[in-house]
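Following: one structure in structure tokens, then a few remarks.
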């Protein structure tokens, strides 16, 4: 056993040596990071900036606080969210989850799925309730308060996010008087800190207001209902000279905000759910600590300066460790924009997606799908952490799977399968959200095995095998039982599912290509995990691996599914995700895939795909496929394609449309792809294989890890 670990460690070390900074000179990381600091000079709905730590995020407008939330509601909202902040509306009709289930027969027996219903019924009410509940909370708007103040009255605006310290520095003037504001988040507490200085504070006209909303329960919004005062309660439960505690109760949900401030100021409740801190001097510094219990052990005094120092230390350490890429010596006109996206995406993923649970697609900024997270997106949110040698940030969310396991086990059992079935749309308690699409997705299933393998590559120890081995086994057990053996043709098929390309129907689809390839990869890795643990390979799993159906094709082009014979004439099959490319891109080469057919398919996709109906991670996925096929120019062209869903805002967020103004799977996919284009993948012998060798892409990089 120890011999196997030693061999793998040696292989990983050699791979790191072969795939390293090609110039031999270290990168000036501070320069790379700082030259990409986002700067905002106006109040614009898509230009808000955030601070956070993976468990907590606080998003501000150009005042450095959340002064004009209504202006940003349809843009990148001014959110205050945590991993623990969830709420459910009262279940007055005593609806039961079992009422959301509907039987489907894909394999000769009834499989109950939590789905949505069109016809009015108690089942529809139950499905709607469990789809909406629980939902993530907005914990409170914290902004400057001045009578009659409008954003048009604020002049000379300059707000800059200093990435090296994780601090937003804002400067502007009101009524000709300058205002200076500094905003940051603590690195390990759900705490924001603000320090502000202006003559406006001396008269008492300029205050800091804390306004607590009720949730909306809407699919995609800032989760702020300010017109339901009677549905929740808030009050000051302690109030001293420089500290106070606010209690907020929403139905059965209860949380607290601990405040402490420097300088002379008075906290008062002005009206229902609105509290104001009125300074009497020229400066005020305030810490707001959001906690889900009023525990005296949490009552630790933090000055604003201590929070700013903590933030600076954390971000200096963050940028100093792991991978780094410098595009400054590239002559391609797109290089500086790619560097900006790469730097800002690292920051955003660290504050939005590096928490104790898989993140929602809009992170901790605002709610999408009611604030719930989608496990099929976890690959895009988290894989890059390992490739950028920050595997610890990936591991933070892995413990959630152990918590979810009993529910995942029960889902598989309910549907007649072995092992554990990981649901698509879920919440902290691993609840199953009813969905007409999500309940039938399966490509999230192998993710746990992929993540566990990344962690083992970074730390090939008995401890890792022991910690994750059981769930690797249970994940694979479901996958093996889900595949159906075709006696007539002597092969295993995948059916009764909706693939990653969600335009296909569960009742019709047979052998979606990406899922087939992912089953092959993950089952093979699961067998290796058994061997590493001193166990024998399961012969039934080897038979499955050997007899999985190859990818279906037509005229030397891969189909969207074996059942989708009209792939190249029906727009349903050329919209949404071109998931077929993930079969050799996201995943390494396997025997199910032919390079020549995949090259043909890639070429067709680049020329003919309905790119207006794509998502932010489709561009990285296409680029990864091109890189593995030895087409670096295509990889660059795909990664930087000028399309709406491949837009990156001034704050670094990947914009999709009016509903999803923030789409973090795009940011994570970008980081995974660029790391792979630099460091390559297992068996790759080319240096920086994803970038053209024509002299225009002289990319310097260090500390990145090769992809499987």
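Data table
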| quantity | calculated |
| --- | --- |
| Positions within segment 607-625 being in a helix (DSSP H, G or I) and under 26 Å from the mean Cα position of the chain (by Cα), in sequence order | 611, 612, 613, 618, 619, 620, 621, 622, 623, 624, 625 |
| Any hit, segment 307-315, residues being surrounded by fewer than 14 Cβ atoms within 10 Å (Cβ to Cβ), more than 26 Å from the chain's Cα centre (by Cα), closer than 17 Å to residue 184 by Cα and without any contact (Cβ under 8 Å) to a residue 40 or more places away in the chain | yes |
| Some residue of segment 246-254 being exposed (fewer than 15 other Cβ atoms within 10 Å of the Cβ) and assigned to a strand (DSSP E or B) | yes |
| 3 or more residues crowded, with 20+ Cβ neighbours inside 10 Å and in contact with a helix residue (DSSP H, G or I) (Cβ under 7 Å, 6 or more places away or on another chain): qualifying helices (runs of 4 or more DSSP H) within segment 363-453 | 378-387, 391-395 |
| Number of positions in segment 320-338 that are surrounded by 21 or more Cβ atoms within 10 Å (Cβ to Cβ) and in contact with a helix residue (DSSP H, G or I) (Cβ under 7 Å, 6 or more places away or on another chain) | 5 |
| Residue list for segment 517-558, restricted to those being crowded, with 22+ Cβ neighbours inside 10 Å and in a loop (DSSP other than H, G, I, E, B) | 551 |
| Check on residue 218, within 24 Å of residue 362 (Cα to Cα) and in contact (Cβ under 8 Å) with a residue 24 or more places away in the chain | yes |
| The listed residue being surrounded by 20 or more Cβ atoms within 10 Å (Cβ to Cβ) and touching a strand residue (DSSP E or B) at 6+ places or on another chain (Cβ under 7 Å), out of 663, 619 | 663 |
| Yes/no for residue 57 being exposed (fewer than 14 other Cβ atoms within 10 Å of the Cβ), touching a helix residue (DSSP H, G or I) at 6+ places or on another chain (Cβ under 8 Å), under 29 Å from residue 189 (Cβ atoms) and at pLDDT 95 or above | no |
| Filtered residue count, segment 102-118, keeping only those that are without any contact (Cβ under 8 Å) to a residue 40 or more places away in the chain and in contact with a helix residue (DSSP H, G or I) (Cβ under 9 Å, 6 or more places away or on another chain) | 3 |
| Residue ranges of strands (runs of 3 or more DSSP E) in segment 70-151 with at least 1 members over 30 Å from residue 203 (Cβ atoms) | 80-82, 101-105, 110-114 |
| Flag if residue 508 is surrounded by fewer than 17 Cβ atoms within 10 Å (Cβ to Cβ) and more than 25 Å from the chain's Cα centre (by Cα) | yes |
| Residue within segment 396-404 that is over 20 Å from the mean Cα position of the chain (by Cα) and at pLDDT 95 or above present | no |
| Single unsatisfied condition, residue 390 versus (1) in contact (Cβ under 8 Å) with a residue 24 or more places away in the chain; (2) closer than 20 Å to residue 133 by Cα | (2) |
| Yes/no for residue 62 being crowded, with 20+ Cβ neighbours inside 10 Å and part of a strand (DSSP E or B) | no |
| Criterion: buried (at least 20 other Cβ atoms within 10 Å of the Cβ), modelled with pLDDT of 95 or more and either over 28 Å from the mean Cα position of the chain (by Cα) or in a strand (DSSP E or B) (or both) - qualifying residue of 193, 233 | 193 |
| Out of 144, 201, sole residue that is in contact (Cβ under 8 Å) with a residue 40 or more places away in the chain, out of contact with any helix residue (DSSP H, G or I) (no Cβ under 8 Å at 6 or more places or on another chain) and under 17 Å from residue 69 (Cα atoms) | 144 |
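The values are calculated or read from the model by the stated rules, or taken from the named source; none is laboratory data. None of the values given here were measured: they were computed from a predicted structure. Reconstructed Cβ throughout: ideal geometry from the backbone, glycine too, with neighbour counts over all protein chains shown.
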